[in-house]
Amino acid sequence: MALAEDFQAVIEELPDDWTDLELDLRLADESRYVDAAVYLVTCNAQPYSRHDWHWRLRVAHRFGHAASAPTTHGALKLLDDAGIAGQLAVREVREGRVEINPLWGRPESARQEFRRLRAQ
């Protein structure tokens with residue numbers, strides 16, 4: 001199965017309130033490491049050094065400091081299209097977290113706009 005399809009299968013199995021997802025990616029052919037790095041830069045993949053797995057991918061659902069699921073899916077699709085095979089492993093899933101934004105000192109119009117944007 002292709003990497004993008006594997007990733008989509010993982011996403012579909014998660015509960016709706018998942019917030020963070022950490023995946024490890026191992027390339028089948030290590031000689032394609034630099035090629036893969038070019039495609040994975042879009043989802044800010046973190047390389048491992050001296051480890052069995054090659055990359056750590058952090059994915060955010062609705063908020064957070066990680067790549068979005070569509071961006072990660074797109075990067076993995078680029079790997080598939082380039083013929084770079086690999087394997088994904090789910091390392092950690094966090095769920096049930098809530099976004100917190102300091103709204104003190106902001107006018108009520110800014111608070112209402114924030115609530116309106118997050119209600120969608």
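The values are calculated or read from the model by the stated rules, or taken from the named source; none is laboratory data. All values reported here derive from a predicted model rather than from experimental measurement. With ideal geometry, Cβ positions are generated from the backbone for all residues, glycine too; neighbour counts draw on all protein chains shown.
Give the residue, chosen from 31, 49, that is free of Cβ contacts under 8 Å to residues at least 60 places away in the same chain, part of a loop (DSSP other than H, G, I, E, B) and over 11 Å from the mean Cα position of the chain (by Cα).
Working: 31 fails: part of a loop (DSSP other than H, G, I, E, B).
Within the list 31, 49, the selection yields 49.
Among (1) surrounded by 12 or more Cβ atoms within 10 Å (Cβ to Cβ); (2) in a loop (DSSP other than H, G, I, E, B); (3) at pLDDT below 90, there is one condition residue 94 misses while meeting the rest; what is its number?
If we test residue 94 against (1) surrounded by 12 or more Cβ atoms within 10 Å (Cβ to Cβ); (2) in a loop (DSSP other than H, G, I, E, B); (3) at pLDDT below 90, just (2) comes out false.
Taking the conditions exactly as written (assigned to a loop (DSSP other than H, G, I, E, B) and either farther than 30 Å from residue 115 by Cβ or at pLDDT below 90 (or both)), does residue 24 satisfy them or not?
Numbers: assigned to a loop (DSSP other than H, G, I, E, B): no; either farther than 30 Å from residue 115 by Cβ or at pLDDT below 90 (or both): yes.
For residue 24, the condition - assigned to a loop (DSSP other than H, G, I, E, B) and either farther than 30 Å from residue 115 by Cβ or at pLDDT below 90 (or both) - is not met.
For the range 44-61, give me the residue count where each residue is surrounded by 13 or more Cβ atoms within 10 Å (Cβ to Cβ), farther than 19 Å from residue 83 by Cβ and of a type outside the set (Val, Ile, Thr). Break it down stepwise before answering.
Residues of the range 44-61 surrounded by 13 or more Cβ atoms within 10 Å (Cβ to Cβ): 44-45, 47-48, 53-61.
Among the residues that remain, those that are also farther than 19 Å from residue 83 by Cβ are: 44, 47-48, 53, 56-61.
Next, only the ones that are of a type outside the set (Val, Ile, Thr) stay: 44, 47-48, 53, 56-58, 60-61.
Summing the residues that are surrounded by 13 or more Cβ atoms within 10 Å (Cβ to Cβ), farther than 19 Å from residue 83 by Cβ and of a type outside the set (Val, Ile, Thr) in the range 44-61 gives 9.
Any chance you could count how many residues in the range 17-34 are out of contact with any Gly (no Cβ under 7 Å at 6 or more places or on another chain) and surrounded by fewer than 16 Cβ atoms within 10 Å (Cβ to Cβ)?
Applying the first criterion (out of contact with any Gly (no Cβ under 7 Å at 6 or more places or on another chain)) to the range 17-34 yields 18, 21-24, 29-34.
Applying the additional criterion that residues be surrounded by fewer than 16 Cβ atoms within 10 Å (Cβ to Cβ) yields 29-31, 33-34.
Result for the range 17-34: 5.
Taking into account only those residues within the range 56-87 that are assigned to a strand (DSSP E or B) and over 12 Å from the mean Cα position of the chain (by Cα), which is farthest from residue 11 (Cα to Cα)? Give the steps one after another, and end with the answer.
Of all residues in the range 56-87, those assigned to a strand (DSSP E or B) come to 56-60, 67-68, 86-87.
Among the residues that remain, those that are also over 12 Å from the mean Cα position of the chain (by Cα) are: 86-87.
On the way: 86: 18, 87: 15 Å.
So, considering only residues that are assigned to a strand (DSSP E or B) and over 12 Å from the mean Cα position of the chain (by Cα), the one farthest from residue 11 (Cα to Cα) is 86.
Take the conditions of a type in the set (A, V, I, L, M, F, W, C), crowded, with 19+ Cβ neighbours inside 10 Å and in contact (Cβ under 8 Å) with a residue 60 or more places away in the chain and apply them to residue 14. Does it pass? Walk me through it before giving the result.
Working: of a type in the set (A, V, I, L, M, F, W, C): yes; crowded, with 19+ Cβ neighbours inside 10 Å: no; in contact (Cβ under 8 Å) with a residue 60 or more places away in the chain: yes.
Criteria not met by residue 14.
Could you list, ordered by first residue, the pairs with Cβ atoms under 8 Å in which the first is in the range 103-116 and in contact (Cβ under 8 Å) with a residue 12 or more places away in the chain and the second is assigned to a loop (DSSP other than H, G, I, E, B), at least 6 apart or interchain?
Going by the 8 Å Cβ cut-off, the qualifying pairs are 114/101; 114/103.
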